[in-house]
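These notes are about the structure you will find just below.
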Amino acid sequence: VNMDKCIACLTCVRGCPYDVPLLERGTATVPVEQCQACGLCATECPAKAIEMTLHDDDEILGQIRNAVRRARVDGEPTIVGFACRYCAYNGQEPNVVKAKLPRNVRAIDVLCTGKVDSLYLLKAFELGADGVFVAGCLEDECHNIKGSTHAGQRVRYIQGLLDAVGVGSERLLMLNL
């Protein structure tokens, strides 16, 4: 937690499914030894005061840039997907599954779909993706009890924005595998 950015709003405390964040001396703390790395606190923090060690915003945005660039295939729509590394591959090696995807589809692994920020979804479209999907988990198989729920809420919100600006909400899908 970046103490200079934390506004002590308690969003992280209320939103963590594992009750890890604490409020101490006017700022939030996240004890690393208890953190489950789902990323919900970082994604929900309105001040962006919580930074993830794994899969931080810069890393994910770089992956989105690369995915859009590599997915360009003449005449085919460019599709970018976000997939839970634990559930989306159903016990198979992610690289094996990704090798079977069409050339115009690129999947980006995330620790949890709950970490898929609205920024990531919008950035994919801004960079030229024709479609975006989030591959969430089945509730009874998810390692994070609220990940797909939070991702679904963000997808619905961004779908509303896409419709409002005339892009079309059908270009963004939430898939529960």
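Flag: residue 6 does not match the condition of being under 25 Å from residue 170 (Cβ atoms), open to solvent by 20 Å² or more (accessible area, probe 1.4 Å) and assigned to a loop (DSSP other than H, G, I, E, B).
Count of segment 132-152 residues, restricted to those that are among the β-branched types (Val, Ile, Thr) and modelled with pLDDT of 85 or more, is 2. When segment 9-22 is filtered for residues that are open to solvent by less than 50 Å² (accessible area, probe 1.4 Å) and under 19 Å from residue 148 (Cβ atoms), the ones remaining, listed by number, are 15, 16, 17.
If the condition is being among the hydrophobic types (A, V, I, L, M, F, W, C), in a strand (DSSP E or B) and open to solvent by less than 70 Å² (accessible area, probe 1.4 Å), then segment 23-65 contributes only 28. Flag set for residue 96, criterion: open to solvent by 60 Å² or more (accessible area, probe 1.4 Å), at pLDDT below 80 and of a type outside the set (D, E, K, R). Residue 177 meets all of the listed conditions (1) at pLDDT below 95; (2) over 20 Å from residue 57 (Cα atoms); (3) crowded, with 16+ Cβ neighbours inside 10 Å but one, namely (3). Within segment 103-125, the set of residues being farther than 21 Å from residue 37 by Cβ and at pLDDT 90 or above comprises 104, 105, 106, 122, 123, 124, 125.
The values are calculated or read from the model by the stated rules, or taken from the named source; none is laboratory data. What you see is a predicted model, and the numbers here were worked out from it, not measured in a lab. Neighbour counts are summed over all protein chains in view; Cβ atoms, including those assigned to glycine, are modelled from backbone coordinates with ideal geometry. Keep in mind that these areas ignore ligands, DNA and RNA; they rest on the heavy atoms of the full protein, side chains included. Shrake-Rupley method; radii C 1.70, N 1.55, O 1.52, S 1.80 Å.
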